[in-house]
Each structure stands twice: as C-alpha cells, then as structure tokens.
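Scroll down for the structure; my scribbles are underneath it.
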Amino acid sequence: MKALITGITGQDGAYLARFLLGKGYEVFGLYRRTSTPNFWRLLNLGIFDKIRLIPGDMTDIASLSNAVIECEPDEIYNLAAQSFVGTSFEEPLATAQVDGLGVASLLTSIKQINPRIRLYHASTSELYGISESKAKVLLNEQSSFWPASPYAAAKLYAFHQVRIYREAYGIFAVNGILFNHESPLRGLEFVTRKISNGVARIKVGLAETLELGNLDAERDWGYAPEYVEAMWLMLQQDKPDDFVIATGESHSVKEFVEQTCGHLGLDWQEVVVVRERFKRPLDVPCLRGDASRAGQKLGWSPKIHFRELAELMVEEDLKRWNSYLEGQLFPWDAINDQLLYQGHSALLQPPSE
C-alpha cells in the first residue's frame, strides 16, 4: 500500500507517517518549501530517512496533481492546513485558500487522475462554534455547525466539498471531525504546548512568567498518536463516512496550567500573567465530543486522558530544557525551533562549560 500525507511535517503528519510505516506502507509526504526547513518532528521520531518527500503547495493544483501522479497512492491523508485559529483572524484569505480551496483542488485532482484513491480529510471540532458549545453538550456527527473563526469557516467549506465529491462522484472521501489532540510534538503556537514549554522553562530558571489569554475556554483534549490511528481506521471501512474523534471530557486552559504547574511543584497563580492581546476576537467557550459512533463502528476509543496528557507533555519539555542546559547536542531541531520561536537566536548552541 502507498499513502500520500499532505502536511507531513506537522504533529499529526509525523505520527501518522510512523503509524503507517509500522503497517508496512510506502509513505510519501507533501511538504511546502520554506526558507527554514521544518523536519524536526520526522527526525525526532526516527523516520526522516524512511519516507519520500515531495515538494508541493495546497494553493497550487498543478503541484498537487503532480504529487498524485508521481506517487500513485492508494490512500491520501490531507493534514495540510493553516491550523492555528488565532492566525486565521489575521490572515483570513490565506487560511481560506489553503484550508478551503486547497481541499477542493485536491478532490479535483483525485477525480481526474484516479477516483479509486481513498481520501481522509482532517476536519475539526471548531466547526461547531458557539451554537451548542455554551450549553456544554456532547457534540456528535449530527450536531449543528456554527463557525466562530475564519479557520472554522474555511474548514466548513472543505467539509462539505468532501461530502459533495463523495455523493456526486462516488469517491471514498471522509471527514475526521477531530477534537483537540496534543503531544510533545505540538507546535508552540498552540496553547497546550505553550503552557507545557513555558512551565518547563520556569522550572529550570529560563523564565519567570507565562503569558496567556483566555483561561476559561474549555476543550476536549486527547493524545495525538491515538488519533492518527482513527484516521487510518476510517479508510479501512467498506463505506465512507464521517466520524467524531474525542475523549468525551472537557477541561479549561486554567486546568491545564494547574495540572502542569502542580506536577512540577509550581504555584500557577504566581507565574501566569493574563494578557488581553492573546485573547481572540471571538472564542468558543466549550467543546466536548461524543465519539461513541467511532467506538461502535471503528472500534476506536481513547486511552490517554487529560491528566496523563498534561503531565507527559510537561515532562518531555522539562527533559528537553534540562538536556539543553547540560550542553547536550540534539539529532533533531526541537530546541532550535523553540528558541527561534521565542526570539532567542543567540542561544542556538548549547552553553559552554
């Protein structure tokens, strides 16, 4: 079996690549050329030399078609996106092009080149927006959508394009409505990783405070390596269908801070500073998913829940920063990535004795 993963350099792409390699797949990855390579996750998982990378762009249908022709995949996993909600308010047009029109371009390429290709599309719990989240109800495949960000609006367009191509042309295309899923490979722009990384830096004495926005927002947080298995399971079914993947629990940003700080013996109230500039123009108060249908039809259920997730993330970041301070070199770019993100370019090399 051959699989093409768009967005392979991201958290989900890296974990999915490792999962598929373990299943005996030949794995191809579409990546966007940038001035600064972003392969540290693939290096961290030890799979960089086991996959074949193809340059491409979700906004360029020619490059998408060329990738499909070149690797002749049985399955395509579309994980490429501008996936940060906050950025979508600042860059709504770019978000629409990648997250919305890019999916339509990929579907068109599949239809024209090989309609037998099976497509998984990474949808999102952000589709639900504010309409039902205020009541903190469990959200499932039948719950109504009411996007509250340009990101969610673009994803809603893509969601329906997947459905339309499935119904109109018989393409095996599915939407995975995944609720938030995290890991030590999560990008630093996402709040869970911002917290785990920030708390670890405070613990080792590299920072004194952690600046955050809305502490009351509640999300259903799961463990990313478990969620990529659900993606694969969706493409192994006899008929294409859309599924919610979630833990069924919701916890606030404040709870995540409390859990990580408490695990390292810190008082969160002494280190957290709330800044208005980190609050979104419109924020969804609560998202909590019902994955019972995935349990019944896919045999999938979460194993790692909130407390264990928060603790394993902060432990991994603590280990990274301790190793950095001890002067150890890394075979991957995670520490460099963190330092560049925070503007500490002068600290790219481990400290001298």
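The values are calculated or read from the model by the stated rules, or taken from the named source; none is laboratory data. These numbers were taken from a predicted model, which means no experiment stands behind them. So basically every Cβ, Gly included, is an ideal-geometry build from the backbone, and we count neighbours across all protein chains shown.
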Suppose we filter Asp317, Asp241, Asp267, Asp333 for residues that are surrounded by 17 or more Cβ atoms within 10 Å (Cβ to Cβ), modelled with pLDDT of 90 or more and acidic (Asp, Glu); which single one remains?
Asp317
Among the candidates Glu208, Glu226, which residue alone is surrounded by 18 or more Cβ atoms within 10 Å (Cβ to Cβ), outside any strand (DSSP E or B) and among the charged types (D, E, K, R)?
Glu226
Provide a single number: the residues in the stretch 96-155 that are surrounded by 16 or more Cβ atoms within 10 Å (Cβ to Cβ), hydroxyl-bearing (Ser, Thr, Tyr), in a loop (DSSP other than H, G, I, E, B) and without any contact (Cβ under 8 Å) to a residue 60 or more places away in the chain.
2
Residue ID - modelled with the lowest pLDDT, chosen from residues in the stretch 276-296 that are in contact with a helix residue (DSSP H, G or I) (Cβ under 9 Å, 6 or more places away or on another chain) and buried (at least 19 other Cβ atoms within 10 Å of the Cβ):
Val284
Quick test of your reading of the structure: Asn175 fulfils all but one of (1) in a helix (DSSP H, G or I); (2) of a type in the set (S, T, N, Q); (3) modelled with pLDDT of 95 or more. Name the failing condition by number.
(1)
Helices (runs of 4 or more DSSP H) (entirely within the stretch 1-89) containing at least 3 residues that are closer than 21 Å to Ile117 by Cβ
11-22, 61-71
Looking at (1) farther than 20 Å from Ser149 by Cβ; (2) modelled with pLDDT of 95 or more; (3) in a strand (DSSP E or B), which one does Val273 not meet, given that it meets all the others?
(2)
Selected residue (only one of Lys303, Lys239, Lys319 is over 22 Å from the mean Cα position of the chain (by Cα) and part of a loop (DSSP other than H, G, I, E, B))
Lys239
Is it the case that Glu229 is touching a Ser or Thr at 6+ places or on another chain (Cβ under 7 Å) and in contact (Cβ under 8 Å) with a residue 24 or more places away in the chain?
no
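For (1) out of contact with any Leu (no Cβ under 6 Å at 6 or more places or on another chain); (2) more than 22 Å from Gly265 (Cβ to Cβ); (3) not assigned by TED's automatic domain parsing to the domain that holds Pro73, each residue gets a yes or a no:
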residue	(1), (2), (3)
Ala154	yes, yes, no
Phe159	yes, yes, no
Ala173	no, yes, no
Ile177	yes, yes, no
Ile195	yes, no, yes
Lys203	no, no, yes
Leu206	yes, no, yes
Thr209	yes, no, yes
Leu212	yes, no, yes
Looking at the stretch 157-184 only, could you name the residues that are in contact with an Asp or Glu (Cβ under 9 Å, 6 or more places away or on another chain) and over 15 Å from Leu107 (Cα atoms)?
Gly176, Ile177, Leu178, Phe179, Asn180, His181, Ser183, Pro184
